[in-house]
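Participant: Pasting in a structure now, in structure tokens, and then I'll have a few things to ask.
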Amino acid sequence: MSFNGGFVQIAVKRIYDWARTEQWRYKLGFFAMGSSCSNHLGIPPPKGPNHVGCTDFMMDHTAQGSFFRLYYPCQETEKAEKPDWVPNMEYFYGLADFMKINRTWSEKIFEYLFGSYKIPAYMDAPFKSSEKCPVVIFSHGLGAFRTLYSAICVELASQGFIVASVEHRDESASATFYFNEKTEPGPTQESRPMSPSASDRDGLLREWMYYRALKHGESEFPLRNRQVKQRADECILALDKLTQMNSGVAVQNVLQTPFDYTTLENSMDLCRTAVMGHSFGGATVIESLCKEVKFKCGVALDAWMVPLDDEIFPRVKQPIFFINSEKFQWAGNISRMKKLDCTVIDRKMITIRGTVHQSFPDFTFLTGNWIGKLMKLKGEIDPELAIDLSNKATLAFLQRHLHLEKDFNQWDPLIDGHDENLIPGTNVILLQSSM
């Protein structure tokens, strides 16, 4: 999720100022739902044949470790609960900092609007699959975190994939955390102990890391270029950790969840691995493909190409699928995608009509039409239709390039933009000077 251009920040600020009035609670609920109380809001359930479980992994308690939400096919269970969409209040604080609004009031607004939503997956449910699972590593956008793309991740898991949604520690997430030993001084201002069962026993303190905004007069490219390189390294590290678990190597999950990771031994088909991401995560896809040939292909959702060095483009040898929104892209950004065009490697691009940049993260499903369109979280198209098109096109592309024996090829026409809601290529007019 990246709120490029500042419009959303302005819109949220207006809502924030208005919400401080006495009637905010009643009216905010009305506008969040839209013009009709019959509107259904919530993250859409997955459509695949598998039940979906999820768990959190943190290997190495430091900021240099690997941290991701894992989605996987699971056993049907009545005991497991569905997790909160936003797992800690500190993520609301981070979103407030990212949007440059007051934490106290934004906490109330965010909690009221989004605090009750659940991810349509079962927390720590037992893993179950009748075959080895292909693997997808997912990279979030600027200002997001590991749980904000659950509609995409649960759908892939329901179709038989194991998906690791990385939470980046490059200061591009709105918030994330790691641990310091109690004797270590913390680099940030906010530390707090976890529950005794998880941290005091191990002598660890939870340390929060928040989004780092550009400093006054600071050039954006050097920061973002450094971040995209770290992000790619974190995607590769997540794949390495999954490889260890698949090989039966003992790993330590600092979070000490009840999930039995040993059930993942020999569960993954690591010859069939892809990387996927949105916005800044789309740039991370390109950087990851350049750095790691184990990724057989990549899917970039509305990629923000600014952080990338031009010199890496000819070094990327894997197939890439660009799935863009209609309202976000511009000529300079598309021209950088076009630099990856190749006559001998499959490079595809489609645009989903009526979509905006925020049509890919979960926020688009959780706000009614009025507030959703004001904040540019919704486009003109039904958000569930848009994500369904994106997911089906993604599955077809993954089947083609991971050589899966599935029926996802029924959606092959979507890869070429053959649908009334798709545009083959781009809707952006490219001038010769932008090429």
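Nothing in this text is a laboratory measurement; each read-out follows from the coordinates by a stated rule. Just so you know, these numbers come straight off a predicted model, no measurement behind them. Every residue, glycine among them, receives a Cβ derived from its backbone with ideal geometry; neighbour counts consider all protein chains shown.
Participant: Nearest 5 percent is fine: what portion of the DSSP beta bridges confined to the chain is antiparallel?
Facilitator: Taking every DSSP beta bridge with both residues in the chain, the antiparallel ones total about 50 percent.
Participant: For Glu218, project a label point 7 Å along Cα to C-beta. Then give me every residue of region 146-172 with its amide nitrogen under 12 Å of that point.
Facilitator: 171-172
Participant: Binning at 20 Å from 0, report for the chain what percent of all alpha-carbon pair distances ends up in each bin.
Facilitator: Binned Cα distances yield the sequence 26, 60, 13, 0.
Participant: PRE reach from Asp60 (point 7 Å along Cα→Cβ): which of region 217-261 fall under 11 Å by backbone N?
Facilitator: 234, 237-238, 241
Participant: Rank Lys406, Lys241, Lys378 by mean-square fluctuation in a GNM of the chain with C-alpha springs under 10 angstrom and give only the top-ranked residue.
Facilitator: Looking only at Lys406, Lys241, Lys378, the largest GNM fluctuation is found for Lys406.
Participant: Counting only Cα, what are the radius of gyration and maximum Cα-Cα distance Dmax of region 241-290, in Å?
Facilitator: My reading of the Cα-based Rg and Dmax gives 14.0, 36 Å.
Participant: Please report, largest first and rounded to whole Å, the three semi-axes of the ellipsoid equivalent to region 52-147, where each semi-axis is the square root of five times an eigenvalue of the C-alpha gyration tensor.
Facilitator: Result for region 52-147: semi-axes of 29, 18, 11 Å.
Participant: At what distance in nm do the modelled label points of Asn409 and Gln75 sit from each other, each positioned 7 Å from its Cα along Cα→Cβ?
Facilitator: 3.5 nm
Participant: Relative contact order, percent, of region 287-435 when contacts are C-alpha pairs under 8 Å separated by at least 6 residues?
Facilitator: Value for region 287-435: 25 percent.
Participant: Straight-line reach only, C-alpha to C-alpha below 23 angstrom: list the lysines that Lys82 could link to, leaving out same-chain residues fewer than 8 apart.
Facilitator: Partners found: Lys47, Lys108, Lys118, Lys128.
Participant: Computed FRET efficiency, Cβ-Cβ of Cys342 and Lys132, R0 30 Å: what is it to the nearest 0.05?
Facilitator: 0.50
Participant: Given a Förster distance of 30 Å, report the FRET efficiency between Lys47 and Asp84 from their Cβ-Cβ distance, rounded to the nearest 0.05.
Facilitator: Calculated value: 0.85.
Participant: To continue, here is another question. Convert 4 °C to kelvin, take the viscosity as 1.567 mPa s, use the Kirkwood radius over C-alpha pairs of region 207-263 as Rh, and evaluate the Stokes-Einstein diffusion coefficient in µm²/s, rounded to a whole number.
Facilitator: D, rounded to a whole number, is 90 µm²/s.
Participant: In addition: Give the Rg/Rh ratio for region 279-384, taking Rg as the radius of gyration of the Cα atoms and Rh as the Kirkwood radius, to two decimals.
Facilitator: Rounded to two decimals, Rg over Rh is 1.02.
Participant: If I take R0 = 60 Å and measure r between the Cβ atoms of Leu385 and Thr183 in this structure, what FRET efficiency does the formula 1/(1 + (r/R0)^6) give, to the nearest 0.05?
Facilitator: 0.65
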